[in-house]
1. Kindly list, by first and then second residue, each pair from a residue in the range 55-75 that is under 16 Å from Trp5 (Cα atoms) and acidic (Asp, Glu) to a residue that is modelled with pLDDT of 80 or more and buried (at least 16 other Cβ atoms within 10 Å of the Cβ), limited to pairs with Cβ atoms under 8 Å and residues at least 6 apart or on different chains.
2. Look at Tyr45 and say whether it is in a helix (DSSP H, G or I) and either in contact with a Leu (Cβ under 8 Å, 6 or more places away or on another chain) or at pLDDT 70 or above (or both).
3. For the range 11-26, give me each residue that is at pLDDT below 75 and under 15 Å from Gly67 (Cβ atoms).
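The values are calculated or read from the model by the stated rules, or taken from the named source; none is laboratory data. Worth saying up front: this structure is predicted, and the values here are computed from it rather than measured. For neighbour counting, all protein chains shown are included, and Cβ atoms are generated from backbone atoms with ideal geometry for every residue, glycine included.
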Amino acid sequence: MSIIWTILIGFVVGLLAKLLTPGRDPGGFFVTAIIGIIGSVIATYGGQALGLYRPGEPAGFIGSLVGAIILLVIWGMVTRGRAGTGT
């Protein structure tokens with residue numbers, strides 16, 4: 001059940017992270033939602049590995065938001081570099 005909660009939090013966090021991230025986001029709605037979910041999952045398991053969360057405990061909203069924003073910034077840098085190559 002915790003993975004479902006992580007996915008739901010990640011979905012909401014991805015949308016919020018898109019609003020908070022400066023600049024133009026090259027991804028659409030689904031890409032942003034997926035990045036939010038991945039950010040939430042990374043924050044959950046990374047936090048558990050660092051001892052911030054107990055096993056089975058999902059990351060908090062702020063941790064998930066930070067993870068999603070970091071991934072959105074990285075995604076923006078990767079796709080901007082790709083867009084300039086003309087391929």
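1. Within 8 Å, the pairs are Glu57/Gln48.
2. Details: in a helix (DSSP H, G or I): yes; either in contact with a Leu (Cβ under 8 Å, 6 or more places away or on another chain) or at pLDDT 70 or above (or both): yes.
Judged against the criteria, Tyr45 is a match.
3. Initial filter on the range 11-26 (at pLDDT below 75): 21-26.
The one that is at pLDDT below 75 and under 15 Å from Gly67 (Cβ atoms): Thr21.
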